[in-house]
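These notes concern the structure reproduced below.
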Amino acid sequence: MQFSLQATSEGSRCRAGELVTPHGVVQTPVFMPVGTAATVKGVLHRDLKEDTKAQIILANTYHLYLRPGVEILEQAGGVHKFCSWEGPILTDSGGFQVFSLAGCRKLTEEGCRFQSHIDGSRHLFTPESVVDTQRSIGADIMMAFDECPPGDSPRDYAAKSLDLTHRWLERCFNRLANTQPKYGYRQSLFPIVQGCTYEDLRVKSAEFVQQFDADGYAIGGLAVGEPAPVMYAMIEVVDKVLPEDKPRYLMGVGTPVNILEAIDRGVDMFDCVMPTRNGRNGMLFTWQGTINIRNEKWRDDLSPIDPEGTSMVDHTYTKAYLRHLTVSGEMLAAQIATMHNLAFYTDLVRQARAHILAGDFKTWKEQAVIKLSQRL
RNA sequence: GGGAGAGUUCCAGAGUGGCCAAAUGGGGCAGACUGUAAAUCUGUUAGCGUAGCUUUCGGUGGUUCGAAUCCAUCCUCUCCCA
């Protein structure tokens, strides 16, 4: 996998780049819609690609392993063919599920024993098995199996957890080296920097991780409850250590403002459920701020959903209509809101990229952040 | 014409002397959501600026220390039999 930097900007660590994957070129900064179960909920791939301009999407190892299962994915010839998405796919390792499904799992040196949230059946994930599963899935970018500790973890737990994540990382790379891709193209493995909100642990993790000469590096365990300034500080610390010539991926982040701030600090790749999940729950992101489309004030607003929007839905439907659909519980509401939000998120990073290339990112960002923080 | 029953806060519908500003559901209003166990979850929904006070359970009048609950009467509605 090749990554090339095309531009950086004065007074900022921001970068514009290009990532060449087996399934196509990704221009960075990039936002990657989350498609946990090999589907970005409610959106046809045609619309995902042509309307919302998604360049690469996520899928999830934990969820695909449980359903439909590795066998079906192998029979299909990998997840791309299974779900008919021809572009690049990144799979999360299930590390986040180990965190978010706490209560039905047990961590050991070997890996993580857990019970399926679907039927309660018992399973074991190890760094090796997770790499194997991602081989079977056929992701362009595989993620290392990590532990994502709670945001408020005490230092001793964070340190212990970090060491475990590092030992697991070595095992992930060993497994990667000793196995072959199943579908004829090379797969990349991204390590994940952890360390909670402890600066020295973050530095230690970034230094540990970069010795693996990976195709890209991820920053995990952020936006899990800590204040945004703390998150930004952690990004700054880590980005100083990570290699300049490789993409940096901030996992699970975030709000439009979070994303611009992270781009400013050198992050190239993002994913977040916010545009999709919040969209399904009636929240719209726009350049003028966020909208709760359920609010009564939109009841008779027959203006387009978003005059500045780049999606077909923005100009085809009115706010009053989308509110009606949302309040009525109509499934089309979720589809329209999701398309709008994804189109907005990709537009957000695309404009950021354009301003990086133009050299005025910093001033543009300052103005954008003010507007984006508003509630309409 | 005869008989039976019912009218409760936005709606449906509990409650049948004090623990009732009144269950529950719906609807309304608002909020949350950051590597998706989420088309989910939470709050609120008589008035006044909390404690507390004030006006509500078809209308009117009464019984009682006290009434949505008991009595009288009026109004409205539903069902059954002719």
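Residue A:166 sits with roughly 10 Å² accessible to a 1.4 Å probe, with DNA, RNA and ligands left out of the calculation. Looking at segment A:101-249, the DSSP beta bridges with both ends there are about 50 percent antiparallel. Of all DSSP-defined beta bridges confined to segment A:223-376, some 60% are antiparallel rather than parallel.
What angle, in degrees between 0 and 90 and rounded to the nearest 10, separates the Cα long axis of helix A:155-177 from the longest principal axis of the Cα atoms of chain A? That works out to roughly 80 degrees. For the set A:316, A:197, the ranking by accessible area, highest first and with no ligand, DNA or RNA atoms included, is A:316, A:197 under a 1.4 Å probe. Across A:357, A:260, the residue with the most accessible area heads the list, and the full order at a 1.4 Å probe is A:357, A:260.
Placing +1 on the Cβ of every Lys and Arg and -1 on the Cβ of every Asp and Glu, with nothing else charged, gives segment A:90-191 a dipole about its Cα centre of roughly 220 debye. When peptides A:205-216, A:222-233 are ranked by their average number of other Cβ atoms within 10 Å per residue, the highest-first order is A:205-216, A:222-233. For chain A, the longest principal axis of the C-alpha atoms and the axis of helix A:228-241 are separated by about 50°.
Cα gyration tensor of segment A:228-376, axes a ≥ b ≥ c as square roots of the eigenvalues: rounded (a/c below 1.5), prolate (a/b > b/c) or oblate? It comes out prolate by the Cα gyration axes.
Among residues other than residue A:44 with Cβ under 10 Å from its Cβ, the summed charge is -1 (Lys and Arg +1, Asp and Glu -1).
Taking trypsin sites (Lys or Arg not before Pro) across segment A:172-249, the ones in a DSSP loop with at most 14 further Cβ atoms lying within 10 angstrom of their Cβ are A:186. Against chain A, whose longest principal axis comes from its Cα atoms, helix A:361-372 is set at around 70 degrees. Between residue A:108 and residue A:369, the contour length at 0.36 nm per residue exceeds the alpha carbon distance by 89.7 nm.
Seen from residue A:366, the other residues with C-beta closer than 13 Å to its C-beta sum to a net charge of 0, counting Lys and Arg as +1 and Asp and Glu as -1. Element breakdown for segment A:197-270 at a 1.4 angstrom probe: carbon and sulfur atoms account for 51% of the accessible area. Per-residue 3J(HN,Hα) values for segment A:76-82, derived from phi via the Karplus relation 6.51 cos²θ - 1.76 cosθ + 1.60 with θ = phi - 60°, read 6, x, x, 5, 4, 5, 4 Hz in sequence order (x marks Gly and Pro).
Projecting the Cα positions of A:90, A:217, A:129 onto the charge dipole of segment A:86-236 (unit charges on Cβ atoms of Lys, Arg, Asp and Glu, taken about the Cα centre) puts A:129 furthest along the positive direction.
Net length available on complete extension from residue A:174 to residue A:74 is 33.8 nm, with 0.36 nm assigned per residue and the Cα-Cα distance removed.
Annotation for residue A:67 and residue A:292: the two label points, set 7 Å from Cα along the Cα-Cβ direction, are 3.1 nm apart. Take chain A with all the other protein chains still there, run a 1.4 Å probe, and you get 41 Å² of accessible area per residue. Given a 1.4 Å probe and the protein chains as shown, residue A:365 ends up with an accessible area of around 10 Å². Annotation: lysines with alpha-carbon distance below 25 angstrom to residue A:297 (same-chain offsets under eight excluded): A:319, A:371.
Residue A:251 sits with roughly 30 Å² accessible to a 1.4 Å probe, with DNA, RNA and ligands left out of the calculation.
Ordered from largest to smallest accessible area (heavy atoms of protein chains, 1.4 Å probe), the residues A:157, A:198 come out as A:157, A:198. The distance between label points at residue A:245 and residue A:2 comes to 1.3 nm (points 7 Å beyond Cα on the Cα→Cβ vector). For segment A:1-146, the number of Lys pairs with C-alpha atoms closer than 27 Å, counting only pairs eight or more positions apart or on separate chains, is 5.
Ellipticity at 222 nm from helices only: DSSP H runs of n ≥ 4 in chain A, each -39500 (n - 2.57), divided by the residue count, give -12500 deg cm²/dmol.
Bridge orientation summary for chain A: considering DSSP beta bridges with both residues in this region, about 50 percent are antiparallel.
The values are calculated or read from the model by the stated rules, or taken from the named source; none is laboratory data. Small disclaimer: the values here were computed from a predicted structure and weren't measured. Virtual Cβ from ideal backbone geometry, glycine too; neighbours counted across all protein chains shown. Note: accessible area is taken over every heavy atom of the protein model, side chains too, but ligands, DNA and RNA are not part of it. Shrake-Rupley method; radii C 1.70, N 1.55, O 1.52, S 1.80 Å.
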